[in-house]
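I have placed the structure first, in the form of structure tokens, so that the comments after it can refer back to it.
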Amino acid sequence: MDSLRTILHADMDAFYAAIEQRDHPEYRGKPVIVGGDGPRQVVSTASYEARKFGVHSAMPGVRAKQLCPHGIFVVPRMAVYEEVSEQVREVFERFTDQVEPLSLDEAFLDVTGSRALFGDGAAIGARIRAEVKAKTQLTVSVGVATSKYVAKVASDLRKPDGLVVVPPGAERAFLSPLSVSRLWGVGPVTEQQLERAGLRTIGDVQSRREAQLVQAFGESLGEHLFVLANGLDLRVVEPDRSAKSIGHEMTFAQDLQSELEVKGVLLQLAEMVGRRLRRAQVRGTVVRLKLRYPDFTTLVRQQKSPASADDLELYRVGCALLEAAWNRRLGVRLLGLSVTSLVGAEAPTQGGLFAPPSKKRDQLLKAMDAIRDRHGEGSVRHAGERRRTNDWGPDAT
């Protein structure tokens, strides 16, 4: 590993909920849950006040309501969240052009080449936190390390509004006392596997040779555990210079088990992707589904499709890919939906034999987006197939 690298992971604190609390003073200090409370709705983000009741992202809304009956459920305003995300991104780019966004609310930054101008990683992290706060009135937690993985773990340790620096050479000692659940890809099922093998902390994993981990857990997971536990993540920050694809993915604190939960999240992802495609005035011609099981096995399936920015069409193709790929005996640790092979919005499309004319559909989507931009995401919804949707997933039927 190049110990001279300085990598930052910047993660906005309860981003969507924090924006709602900023914009609605009456919500401050109260449990705010961005999402719906119905059985087929999903929590997007929960404020720290709501998290004290056990509410977390990707949780079914009905469960969140049971845990936090006095919570304030808020309709997501994705247009607002994206606008604030752009403001945060502008702050990042004042310090480096090596910015790898992971989602609207987090990014990796390689500031190795910026140290001569702005100081060391700790100084840059402190300045970023201060400037984000000044520009948006929101807080961001920052981790500083020599690798992406260690920086991400560091950013999560003192949330909210934290700054954690891991000096070069201190990676193993920093990771050692932490629970194995801090290792990427270790969900509840894998954590139980590790505990049965006597591995409860990352230090326990460090005590095993790579060959022992591979023998016990298989080549993919064993190598993965060895690399992360020893702070050997060599991946570079990959700047998002031009969008070759548009997508979203979610990693779940608790694995999703039921088809209802999985498809609810998939619809949420499709709507988020569709909105971004239309804002960028592009369409996707390949729909890609990403599915990760609790043991970190990851499947990626894709299918060509007529050029589209229609969230319900993306959802339809995503469901077809899910049906073909998902082993329902296994939970879902991560779910992602993206579109690639982007073309301009004016590119010709080929509709189905019984589908509405594409121009009429485009006009309808444009009108719906205009209404949502003005009045909020929940102001207008899709109809058809007895399903109504909103920005966090399907309504109860």
Between the range 221-241 and the range 60-100, what is the separation of their alpha carbon centroids in Å?
26
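Can you list, largest first and rounded to whole Å, the semi-axes you get for the chain by taking the square root of 5 times each eigenvalue of its Cα gyration tensor? Could the numbers behind the result be given before it?
Working: eigenvalues 233, 127, 99 Å².
Taking √(5λ) for each Cα gyration eigenvalue gives 34, 25, 22 Å.
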Could the peptides 283-289, 119-125, 43-49 be put in order, highest first, of the mean number of other beta-carbon atoms found within 10 Å of their residues?
43-49, 283-289, 119-125
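Treat the count of other C-beta atoms within 10 Å as a stand-in for reagent exposure and order 68, 319 from fewest to most.
Values: 68 23, 319 17.
In order of increasing Cβ crowding within 10 Å: 319, 68.
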Hey, how many Å between the Cα centroid of the range 327-342 and the Cα centroid of the range 290-308?
4
On a 0 to 90 degree scale, rounded to 10, what angle separates helix 121-136 from the longest Cα axis of the chain?
30
Express in whole angstrom the spacing between the alpha-carbon centres of the range 184-217 and the range 125-141.
36
With angles folded into 0 to 90 degrees, how steeply does helix 78-92 sit against the dominant principal axis of the chain? Use alpha carbons for both and round to 10.
30
Any idea what the relative contact order of the chain is, in percent, if you count C-alpha pairs under 8 Å spaced at least 6 apart?
17
Strictly over 24 Å apart at the Cα level, which of 30/65; 152/290; 52/148 would you flag in this model?
52/148
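Give the shape of the range 1-166 as rounded, prolate or oblate, defined through the alpha-carbon gyration tensor: a ≥ b ≥ c are the square roots of its eigenvalues, a/c under 1.5 means rounded, and otherwise the shape is prolate if a/b is larger than b/c and oblate if not.
Numbers: a/c = 2.45, a/b = 2.00, b/c = 1.22.
Here the range 1-166 falls in the prolate category.
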Helix 219-229 versus the longest principal axis of the chain: what is the Cα-based angle in degrees, 0 to 90, to the nearest 10?
60
How large is the helix-only mean residue ellipticity at 222 nm for the chain, computed as the sum of -39500 (n - 2.57) over DSSP H runs with n ≥ 4, divided by its residue count, in deg cm²/dmol to the nearest 500?
-12000 deg cm²/dmol
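Values in this text are rule-based calculations from the coordinates and carry no lab data. This is a predicted model, so every value here is computed, not measured. As a convention, Cβ positions derive from the backbone with ideal geometry for all residues, glycine included, and neighbour counts pool all protein chains shown.
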